[in-house]
1. Would you give the gap between the C-alpha center of the range A:66-93 and the C-alpha center of the range A:561-590, rounded to a whole Å?
2. Return the tail of the calculated pair distribution for the range A:516-640, meaning the percent of Cα-Cα pairs more than 21 Å apart.
3. Counting only pairs 8 or more places apart or on different chains, how many lysine pairs in the range A:485-640 have C-alpha atoms closer than 20 Å?
4. For A:Cys336, what accessible surface area do you get with a 1.4 Å probe? Give it in Å², rounded to 10.
5. Within straight cross-link reach of A:Lys32, meaning Cα distance under 18 Å, which lysines are found once same-chain residues fewer than 8 apart are removed?
6. Among the aspartates and glutamates, which fall within straight-line cross-link reach of A:Lys165, defined as a Cα-Cα distance under 12 Å, with same-chain neighbours fewer than 8 residues apart omitted?
7. With only alpha-carbon atoms in the gyration tensor, what are the semi-axes of the equivalent ellipsoid for the range A:203-276, in Å, largest first?
8. I want to check the label-to-label distance for A:Asp326 and A:Lys198. Put each point 7 Å from Cα in the C-beta direction and report it in nm to one decimal.
Amino acid sequence: MTITLPDGNQLAFEQPPTGREVAERIGKRLAKDALVVKVDGELRDLDQPIPQDARVEIVTPTHQDARQIIRHDAAHVMAEAVQELFPDAQVTFGPPTETGFYYDFARAHPFSSDDLEKIEKRMHEIVDADKPFVREVWDRDAAAHFFDQKGEKYKAQHIREGIPKGEQITIYRQGDDWLDLCRGPHAPSTGRVGHAFKLMKVSGAYWRGDPNNEQLQRIAGTAWESEKRLNEYLTMLEEAEKRDHRRLGRELDLFHIQEEAVGSVFWHPKGWTLYRQVEKYVRAMQEREGYHEVKTPQLIDRALWERSGHWDKFREAMFTARSEDDHVLALKPMNCPAHVQIFNKGITSYRDLPYRMAEFGSCHRYEPSGALHGLMRVRAFTQDDAHIFCTPEQINSETQKFCDMLLEIYKAFGFEDVRVKFSDRPETRAGSDAVWDKAESALKEAIEATGLPYTMNPGEGAFYGPKLEFVLRDAIGRDWQCGTHQVDFVLPERLDADYVGEDGNKHRPVMLHRAIVGSFERFIAILIEEHAGRFPMWLAPVQVTVATITSAADDYAKQAAQALRQAGLRVETDLRNEKINYKVREHSNQKVPVIAVVGEREAQERTVALRRLGSKQQEVLALDDAVTRLGEEAAPPKVD
RNA sequence: GCCGCCGUAGCUCAGGGGUAGAGCGCACCCUUGGUAAGGGUGAGGCCGUAGGUUCGAUUCCUACCGGCGGCACCA
């Protein structure tokens with residue numbers, strides 16, 4: 001039989017070889033370094049025979065798949081360490097993750113941070129012991145019985161409920177003392193995990209992700225193929241902490257949140273300036289794209305929410321208020337029902353479609369306390385919300401038009417790395433399968449026409465229609481949904497929206513719910529983290545600070561600032577009795593893009609000495625030239 | 001909402017059964033200095049809130065509120 005290697009070379013074997021034998025044939029060193037083998041794209045243990053002709057890659061620590069092996073091995077090593085130190089802990093599952101691994105344990109007592117240290121120490125010992133990982137195939141029922149006897153009720157339950165009768169299952173031993181039910185694969189021995197790992201935190205996690213189940217304790221760690229990579233990762237985390245929007249929000253005096261208004265933002269002047277720049281640009285883009293901007297009420301009688309279906313499906317998340325005359329009103333959690341009201345007041349002809357109705361809509365939702373997170377997840381937020389009322393035939397072109405606009409806007413803010421998720425029909429849904437087929441294929445065609453890569457998110461669509469989610473990433477790699485685009489056949493029906501078609505009959509419009517920044521709060525949080533507070537000039541709350549060297553230049557500094565302001569720039573002056581070193585340091589820390597230094601010389605010559613953020617060089621320009629040049633540099637992205 | 005950890009000055013943090021400390025920031029004074037911290041003096045705290053234990057609690061215990069990290073949630 002024939003084994004094909006990644007470089008195209010082929011090796012012939014008499015008998016089905018194991019991965020190790022293939023590696024040995026290529027070279028001793030490779031066989032020594034090998035962790036697992038990749039057979040036709042599937043990772044397997046080195047000792048398993050490769051039954052037929054296949055493309056084979058030997059996975060060594062530098063291979064892109066090595067980390068998941070190392071991390072998975074590390075999870076097993078940790079589980080052994082935990083059970084040795086804490087025999088009352090039951091094991092459940094421990095997979096690799098994007099940066100490490102975790103393992104969920106059931107135990108009555110919580111693990112402390114001291115426990116973590118002990119566990120980590122024991123893990124190093126297990127790695128040094130270099131115990132072989134041995135794969136064994138067991139009978140399902142015997143395995144279930146075995147784990148029952150051991151008191152491992154979660155493992156036993158998983159086998160009984162998750163694995164069909166009669167199926168064979170695999171377990172992995174590491175040394176003589178410990179084993180775990182596991183699909184594998186694993187490296188040859190625990191020694192291959194190496195020492196580039198670190199336990200990071202303990203937290204709660206529900207058994208099988210279901211909050212009705214018992215809560216387990218999750219110990220999470222990070223693991224890498226080398227100390228160097230581990231240290232790089234830890235350094236990255238430190239750097240990420242410095243760009244956390246909550247920290248920068250304080251340091252740059254952008255906003256704060258306090259106890260008396262949990263989940264709501266106090267925007268300070270600088271933060272609000274930033275917010276307004278974002279809003280201004282998005283508004284201009286919407287105008288260009290033919291949207292009609294509206295404003296709808298904050299408080300709306302429950303009667304409308306009952307009709308829209310929100311009272312039924314969304315009530316838990318709605319803030320309500322009772323008026324003097326005993327009406328129950330709700331703070332709107334969404335804008336859509338209000339927009340349909342406007343549509344119903346006069347958009348009656350097919351000639352008006354597609355009708356794009358936009359609102360910077362303030363919404364309130366009673367989010368679970370544990371979900372709140374700085375500006376990322378709040379209870380009061382403003383969406384760049386819009387609803388496009390259109391015919392089914394227009395879904396495709398409107399979606400494409402929207403995606404184009406979204407990408408242009410994201411790019412303007414510096415986001416090039418946009419992840420798109422396609423969420424299709426959920427189990428419980430409204431509308432017939434035929435309608436869903438139509439909506440999903442229209443959406444799919446449209447997203448494919450944009451050429452954007454996307455991943456499927458099966459079953460995660462809204463109950464009323466499929467959606468596209470546009471996801472941006474924060475400083476430490478957490479994904480946040482910002483943009484969205486949803487097809488809705490249900491709400492127009494519920495709220496009785498219609499128009500007169502070409503044929504003279506009444507028809508139901510389709511509604512496309514769409515947002516680009518999503519919530520301004522979340523978007524600005526990501527903007528802060530993406531730029532680490534060093535905003536592009538057009539967004540910077542303060543664009544230029546005019547700083548004096550001596551008080552003799554105060555008058556001139558004021559004139560210079562005034563001239564810059566007249567060019568539309570956001571300018572502050574720093575006339576304090578401080579040395580220029582001190583001022584430069586402070587304004588650099590405040591991440592002001594340009595410091596214009598003026599002393600007696602500049603006052604005399606009517607010049608400014610410009611110092612750009614991140615550069616130590618200065619550039620002396622005539623004041624008039626500086627005004628022109630900085631004015632151009634501060635221009636927002638073109639909208640035309 | 002759940003599990004764990006945390007809550008001391010505007011910020012970062014030390015302390016600890018006998019009602020508190022540092023650095024930075026702030027105010028005032030000296031200094032007018034040419035590109036990342038000049039010097040001095042001073043103000044500033046219900047030690048998250050409410051109970052309990054104690055002769056005495058900021059410190060120990062309980063509950064609540066809030067924050068952080070996960071989990072769940074994100075229509």
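1. That distance is 56 Å.
2. Numbers: 3041 of 7750 pairs.
Here the tail beyond 21 Å accounts for 39 percent of pairs.
3. Qualifying lysine pairs in the range A:485-640: 7.
4. That residue has around 10 Å² of solvent-accessible surface.
5. Within the straight-line cut-off, A:Lys32 pairs with A:Lys131.
6. Result set, ordered by chain and number: A:Asp139, A:Asp141.
7. Taking √(5λ) for each eigenvalue gives 33, 25, 8 Å, largest first.
8. Placing both labels 7 Å beyond Cα along the Cβ direction yields 6.3 nm.
The values are calculated or read from the model by the stated rules, or taken from the named source; none is laboratory data. Note that the structure is a prediction, hence the values are computed from the model and not measured. Neighbour counts are summed over all protein chains in view; Cβ atoms, including those assigned to glycine, are modelled from backbone coordinates with ideal geometry. Surface areas here come from the heavy atoms of the whole protein model, side chains and all, with no ligands, DNA or RNA. Shrake-Rupley method; radii C 1.70, N 1.55, O 1.52, S 1.80 Å.
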